[in-house]
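Visitor: Dumping the structure here so I can ask a few things about it.
The values are calculated or read from the model by the stated rules, or taken from the named source; none is laboratory data. Keep in mind it's a predicted model, so treat the numbers as computed, not measured. Counting neighbours? That spans all protein chains shown, and the Cβs are built from the backbone with ideal geometry, glycine included.
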Amino acid sequence: MTSVSLPVDPFDLVIFGGTGDLAVRKLLPVLFKRFVDGQIRPASRIIGVARVVLDEDGYRRLVRDALGEMAAAFAQQCEAFLALMAYHPLDVRKDDGWDRFTSFVNERPNNIRVFYLSTSPGLFIDICQRLGECRLNHGTARVVLEKPLGRDLTGASEINDAVGRVFAESQIYRIDHYLGKETVQNLLVLRFGNALFEPLWSTAHIDHVQITVAETLGLGRRADYYDRYGALRDMVQNHLLQLLCMVTMEPPSSLLPDAVRDEKLKVLRALSPIDASNAARLTVRGQYRAGISEGQSVPGYLDELKDGRSSTETFVALKIEVGNWRWAGVPFYLRTGKRLPEKVSEIVVAFKPVRHSVFARGSGMPLQNKLVLRLQPDEGVKLWLTIKDPGPGGLRLRHVPLDMSFVEAFGVQQPDAYERLILDVVRGNPTLFMRRDEVEAAWRWTDPILDAWESSNEAPRPYAAGSWGPSAAVALIERDGHTWNEGND
Ligand code: NAD
């Protein structure tokens, strides 16, 4: 049985960048799913805003196309959903069109207002200033900021300052869609809803932790963006550090938004610094070359980019320490990259071995217990245990997982992270969104790594597309006597 979806209060969701890739591929389809599920009331409106000149019918056609097969499968609901749509062509940097847009939004003063900035971050400041000038920033108004929030601490602070002049911090929702993933929320429930794990959750019993977010895709369509950012800024500064926070934070006193975010912030502030003095030892950055990915020959990064000089990293592995009483001495290994052999995101918590084996030589060694939280694909939880090999023979040890795939256990596909997060904005619940101080603390820790790489003048290490990254990433963890969790373990 799955939890019941309660309808949310009527809202106006304005999507700036409503014709863009994120809106069309992700936001509009997930809104439709929530609509079909009865969570969006008919008094709500979804208002696309973009530079593209389209009339309302044209936008509805674009939305219908974006819904793909779902539009045909739920034809009646699709018509009702399209009736919620409106579209305002607007160049947000120009004056034209704002008066008409403001009057339109003001037609439903009682609707909750959500301004979703699904545009390049270079427009966030302009849009917020305009919303302020149009006095659309009051009452129930909320603003959602997509990643990336800056390229460094200075850039992030500039955006935060400018947005903060128009919206109060309680109105600002900085999205990190990893936090909306079912397994990530389940991590909170596993840790704090079971008596089993928390007593073991520290340096006394945990040997090390691995966090992997691997993609098989290469550069794709967002080449310009990616080449300016690279894997550390695009993935580690936000998604991987947020996952690390969820694994390591102290139990919050409640699930109130600031109670959770205060604990995450403490983790970010406790990360041991990586800078020019230790970056060569604790970090590995790589860039893919041509290779075989998912059975196909694929070109290298520089060929895809058509720029033979870029030193942007498409892979990064890090060894991190959380410098506090609970985690002292526990290494955290993080890695992420493009053109890796599998699309997989997982957290592996490896427990220390038993102190003394009572089993006879030849019966095998007890396993180091492992808790594997899989975010994708096939979201679920696996707990590796040592058991007796069944049968009348001698006592031999065997390693097996208690394996729970959420799809198999609950018989439903897990909701997309955005389904949950967009409705959390409407409900006014910022627990799963990043607060300003969190984002800035993450940049404060990341910036010195970027500086160290830049000052070293070393190119990223090459790795073949379809491999698990440069061999130095294997050495990073094997030096400590561990191996990366690979395959379906
Ligand atoms: P995109 O380039 O596909 O779309 C940009 C949208 O902004 C378009 O609708 C365009 O018309 C509009 N726009 C551009 N300039 C404008 C202007 N002056 N006035 C009004 N509208 C203007 O970008 P995207 O891939 O949809 O990404 C949007 C945001 O989401 C970015 O911040 C991106 O980093 C972030 N993001 C995207 C993805 C993704 O998968 N696409 C994933 C995570 C985060």
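Visitor: Does V247 qualify as being touching a Leu at 6+ places or on another chain (Cβ under 8 Å), touching a residue at least 60 places away in the same chain (Cβ under 8 Å) and over 22 Å from V439 (Cβ atoms)?
Guide: Details: touching a Leu at 6+ places or on another chain (Cβ under 8 Å): yes; touching a residue at least 60 places away in the same chain (Cβ under 8 Å): yes; over 22 Å from V439 (Cβ atoms): no.
Taking the combined requirement at face value, the residue does not satisfy it.
This table checks each residue for (1) of a type outside the set (A, V, I, L, M); (2) buried (at least 21 other Cβ atoms within 10 Å of the Cβ); (3) over 21 Å from L232 (Cα atoms).
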residue	(1), (2), (3)
I127	no, yes, yes
G132	yes, no, yes
V143	no, yes, yes
P148	yes, no, no
R151	yes, no, no
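Matching residues to (1) part of a helix (DSSP H, G or I); (2) at pLDDT below 90:
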{"residue": "L395", "(1), (2)": "no, yes"}
{"residue": "P401", "(1), (2)": "no, no"}
{"residue": "A409", "(1), (2)": "yes, yes"}
{"residue": "Q413", "(1), (2)": "no, yes"}
{"residue": "R420", "(1), (2)": "yes, no"}
{"residue": "V426", "(1), (2)": "yes, no"}
{"residue": "N429", "(1), (2)": "no, no"}
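Visitor: Which of the residues spanning region 333-347 are hydrophobic (A, V, I, L, M, F, W, C) and surrounded by 21 or more Cβ atoms within 10 Å (Cβ to Cβ)? Show your work before the answer.
Guide: Keep residues of region 333-347 that are hydrophobic (A, V, I, L, M, F, W, C), which gives 334, 340, 344, 347.
Matches in region 333-347: L334, L340, I347.
Visitor: A further question on this structure: Take region 27-65 and flag every residue that is closer than 23 Å to I175 by Cα, out of contact with any Ser or Thr (no Cβ under 9 Å at 6 or more places or on another chain) and assigned to a helix (DSSP H, G or I).
Guide: The answer is L28, P29, V30, L31, F32, K33, V63.
Visitor: Out of curiosity, is S5 more than 16 Å from the ligand (Cβ to nearest atom), among the hydroxyl-bearing types (S, T, Y) and over 25 Å from the mean Cα position of the chain (by Cα)?
Guide: no
Visitor: Mind counting the residues in region 244-289 that are out of contact with any Pro (no Cβ under 9 Å at 6 or more places or on another chain), outside any helix (DSSP H, G or I) and not β-branched (V, I, T)?
Guide: The qualifying residues number 12.
Visitor: Select from region 151-185 the residues that are modelled with pLDDT of 95 or more, in a helix (DSSP H, G or I), under 24 Å from V114 (Cβ atoms) and of a type outside the set (K, R) and list them in ascending order.
Guide: Selection gives A156, E158, I159, N160, D161, A162, V163, G164, V166, E169, S170, Q171.
Visitor: Condition test on R45, is it surrounded by 14 or more Cβ atoms within 10 Å (Cβ to Cβ), in contact with a Pro (Cβ under 9 Å, 6 or more places away or on another chain) and farther than 27 Å from K147 by Cβ? Talk me through it step by step, then tell me what you get.
Guide: Numbers: surrounded by 14 or more Cβ atoms within 10 Å (Cβ to Cβ): yes; in contact with a Pro (Cβ under 9 Å, 6 or more places away or on another chain): yes; farther than 27 Å from K147 by Cβ: no.
Considered against the rule, which asks whether it is surrounded by 14 or more Cβ atoms within 10 Å (Cβ to Cβ), in contact with a Pro (Cβ under 9 Å, 6 or more places away or on another chain) and farther than 27 Å from K147 by Cβ, R45 comes out as no.
Visitor: Here is a follow-up. How many of the residues in region 74-111 are within 16 Å of the ligand (Cβ to nearest atom), within 16 Å of Y59 (Cα to Cα) and part of a helix (DSSP H, G or I)?
Guide: The qualifying residues number 1.
Visitor: Can you find even one residue in region 472-482 that is surrounded by 17 or more Cβ atoms within 10 Å (Cβ to Cβ) and more than 30 Å from M404 (Cβ to Cβ)?
Guide: The answer is yes; a qualifying residue exists.
Visitor: Which one of these is of a type in the set (D, E), loosely packed, with under 15 Cβ neighbours inside 10 Å, touching a strand residue (DSSP E or B) at 6+ places or on another chain (Cβ under 6 Å) and farther than 30 Å from A141 by Cβ: D378, D451, D489? Steps first, please.
Guide: Numbers: D451 fails: touching a strand residue (DSSP E or B) at 6+ places or on another chain (Cβ under 6 Å); D489 fails: touching a strand residue (DSSP E or B) at 6+ places or on another chain (Cβ under 6 Å).
After applying the criteria, what remains is D378.
Visitor: Then there is this: May I ask you to list the residues in region 280-321 that are more than 18 Å from A231 (Cβ to Cβ) and in contact with a Gly (Cβ under 6 Å, 6 or more places away or on another chain)?
Guide: Of everything in region 280-321, those that are more than 18 Å from A231 (Cβ to Cβ) and in contact with a Gly (Cβ under 6 Å, 6 or more places away or on another chain) turn out to be A290, I292.
Visitor: Please work out if L188 is within 16 Å of the ligand (Cβ to nearest atom), assigned to a helix (DSSP H, G or I) and modelled with pLDDT of 90 or more. So that I can check it myself, show each step before the final result.
Guide: Numbers: within 16 Å of the ligand (Cβ to nearest atom): no; assigned to a helix (DSSP H, G or I): yes; modelled with pLDDT of 90 or more: yes.
The answer is no for L188.
Visitor: Additional query: Can you tell me how many residues in region 112-153 are of a type in the set (A, V, I, L, M), in contact (Cβ under 8 Å) with a residue 40 or more places away in the chain and more than 13 Å from the ligand (Cβ to nearest atom)? Even if it seems obvious, please write down each step before you answer.
Guide: Pass one, region 112-153, residues of a type in the set (A, V, I, L, M): 112, 114, 117, 123, 125, 127, 131, 136, 141, 143-145, 149, 153.
Okay, now just the ones that are also in contact (Cβ under 8 Å) with a residue 40 or more places away in the chain, so 112, 114, 117, 123, 127, 144, 149, 153.
With more than 13 Å from the ligand (Cβ to nearest atom) added as a condition, the list becomes 112, 114, 153.
Here the count works out to 3.
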